[in-house]
Structure formats: C-alpha cells, structure tokens
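What follows draws every value from the coordinates through simple rules; no lab data is involved. What you see is a predicted model, and the numbers here were worked out from it, not measured in a lab. Note that we place each Cβ from the backbone using ideal geometry, even for glycine, and neighbour counts take in every protein chain shown.
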Amino acid sequence: MAVDFPKRVVHGGTGKRHLEKTRKKVLDFSASVNPFPPQFAWHCNPSLLASYPDDSYYELKERIGATFHRKPEEICVGNGSIELIRVFCQVVLRGDKHFFCESPTFGEYALSARLAGAVPVDNPVQADVSFICNPNNPTGILLDRKELLQKLSAMKLHEGMLFCDEAFIGLSDPRESLADISDPHLFVLHSLTKSFSVPGIRFGFGFGPPGLIEQIEISRPPWSVNAFAEAFAMEALVHMQDLEASREKIQKERDWLSQEITARGLRCHPSLVNYILVECNRDVTRLCECLAERSILVRDCTSFGLPTCIRVAVRTHDENIRLMETLAACLP
C-alpha cells in the first residue's frame, strides 16, 4: 500500500558530514551561526552525569523567565528548537487541522505539521496555526513588532494561533521580539544555537499559554535536555546582553560581504541578520559543487524552491575574504 509519507527536510550545516566523507576541513558558510559569539567560562560538573536531569527543569525555567520576563509555567524546553516544533504540532495540530506557512521559509514547520496530520492552506485566515519565521530563513527579512501584532490579531479573530520562530532574532534586532507577550493565541520559539554558535548543544525553549506549555512538556520525551546543555544554557542566559557586540560586528561584515558579492554581478537580497540570500541567475548546483571542491560550503536553496539562489552565512572577515576569492574562481 502506497503511503504519502513526507521526506526529510534539507538543512545546511553539513560541514561535519563533508569532513567525515572527504577527510578535508571546510569553511561552512551553509551554517548560519554567530561568527562572534560571547566568550565566557562554563563547565558541567561530571557528578551531574550520574543523575537524571530534573525533568521539570525548574531552575533553568526560572533563569529563562528572569531573562525574558515570563513566568516559569509559560516556558517549555527541548532538545533543540526542532523538537519543540515537532511536539507543538503534535499537540496543537492533531485531528482535522490546517496550517499556513509563508514561502520560502524553514521547511520544518510544514514537515512537522504534516507529520501531525494537518493540511496546508493558502491563507492564514483558514489556518489553525500560522507559522512565521522572524527573521525569515532564508531571506533574512525581519518583520517589525507592529506587523507581527497585526498578524496575531488576525489569527485571534478566528481562534487561530500564531507560531513565531525567533531563532535568529538575537543576531538581528531583539526589540522586534514577541517573547515578552503573554497571549493564549501566541507561541514564541527561541534557541541558543545560532546566537551562541553551539549547534552541538541542542537546546531550545518556547513561550506560550500555561495550558499549552503543560501539554508540550508532557508530550516531549522525558529528560530531553541533557546535563551539558542545561549547564551551558544556565550560563549563556546571563550573557544575552553580550550579543549586542555580536550584532554590530555582523552588520559590518554583512555590509562588506554584500558589496563584494554585488560587485561580482550577483544580487543580494536585503538582510537584517547573519546570512544573505544571493540570486545567482543560474542553476546553482554546479556553483555549489565547485565551491565544495575548494572546501567552501554554501547553502543550495533549491530545497526552498529557489534553484537559482544560494544562502551564505556571515563569518569573520578573513573567512569572508576567502569565500569571495573562491567564489570568483567558480563564477564564469
């Protein structure tokens, strides 16, 4: 019997896979993490590994709440933001439900919604859940708070919910965040991965109404935040203000990188975050292969429905120079 089961979503951040296959070190511009993360000392006492984590994550939620001005009962945690997307959809979109995603955007929303049995619609007014990525991946577009609140009001008119993924907002403009807003029709997702450049930690957290948060916490696997991730998060949350310096450096490098890419005849979409969507006006498969052969990885945006675009992360200046030199060698 044929089953319409969705395929995996394609992601960037394939540097480790490339290293394991080729034994060659690469510069991974396909992973959009902070090139200038805050520096601080942290450690996980090895004795913590002898015990299960506290599955209520009481102290961790207290610290998140103090940082974002939310109550612990409005906070859920998980093994990366992806786990929380999955669990949210299993809780909210079970049964005969509908969802809306703008395009192009992060593919995990649609995949998680479909795995829960929900059906996509073309208009958010028809949706039980409308997913927004802010700043958007892969375009780098940042919607302002006023516009997001208008979208929330529109969803409330038909008892729908706005899901706002702010994984990159710490590297863009936190003033546009909705994390401080308590509303029964709003769920806001955050992550430490991008801001602190720790994709290996796997830690995400979200904000929502207490009833929904309780259901998410029950539905996620027990102890899904391990002791190392919890220890890092506890320290990183004290250093959120340090991201201001990261944002300033990223803006400077992003402006330089955009100018250099444009000078080579390609078009950069305006971005307010630590990556740039680049229109190459050609199928980018061969370009990506050429760069990879020279140990530079970029994000082929074909999986976003943009076969003539690549997404490049903003990295340090020396690394960005190397990207431009290699890109020049691969362009006709």
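Side notes on the structure shown:
- Candidate lysines for bridging to K7, where Cα separation is under 17 Å - those fewer than 8 sequence places away on the same chain excluded: none
- In Hz, Karplus ³J(HN,Hα) per residue of segment 243-253 (6.51, -1.76, 1.60; θ = phi - 60°; x = Gly, Pro): 5, 4, 5, 4, 4, 5, 5, 4, 4, 4, 5
- Taking other C-beta atoms within 10 angstrom as a stand-in for reagent exposure, M234, M161 fall in the order M234, M161, fewest first.
- Take every DSSP beta bridge whose two residues both sit in segment 46-241; close to 35 percent of them are antiparallel.
- Acute angle (nearest 10 degrees) that the helix 210-219 long axis makes with the longest principal axis of the chain, alpha-carbon atoms: 70 degrees
- Within the chain, the proportion of Cα pairs with more than 28 Å between them is 43 percent.
- For segment 11-70, trypsin sites (Lys or Arg not before Pro) meeting the loop criterion (DSSP other than H, G, I, E, B) and having at most 16 other Cβ atoms within 10 Å: R23, K24, K25.
- Among I250, I82, the order by Cβ neighbours within 10 angstrom, fewest to most, reads I82, I250.
- Each of T67, T105 has some number of other Cβ atoms within 10 Å of its Cβ, and from fewest to most they run T67, T105.
- Since only S130, A113, G140 are under comparison, the one whose Cα sits farthest along the positive direction of the charge dipole of segment 113-160, derived from C-beta charges on Lys, Arg, Asp and Glu, is G140.
- Loop-located GluC sites (Glu not before Pro) in segment 81-117 whose Cβ has at most 16 other Cβ within 10 Å (DSSP): E102
- Residue separation of E248 and A66 scaled by 0.36 nm, minus their Cα-Cα distance, works out to 63.0 nm of gained length.
- Orphan Cys of the chain, criterion: no other Cys C-beta under 4.7 Å: C44, C76, C89, C101, C133, C164, C268, C280, C288
- Rough spin-label spacing in nm, given labels placed 7 Å along Cα→Cβ, for T22 and E147: 3.7 nm
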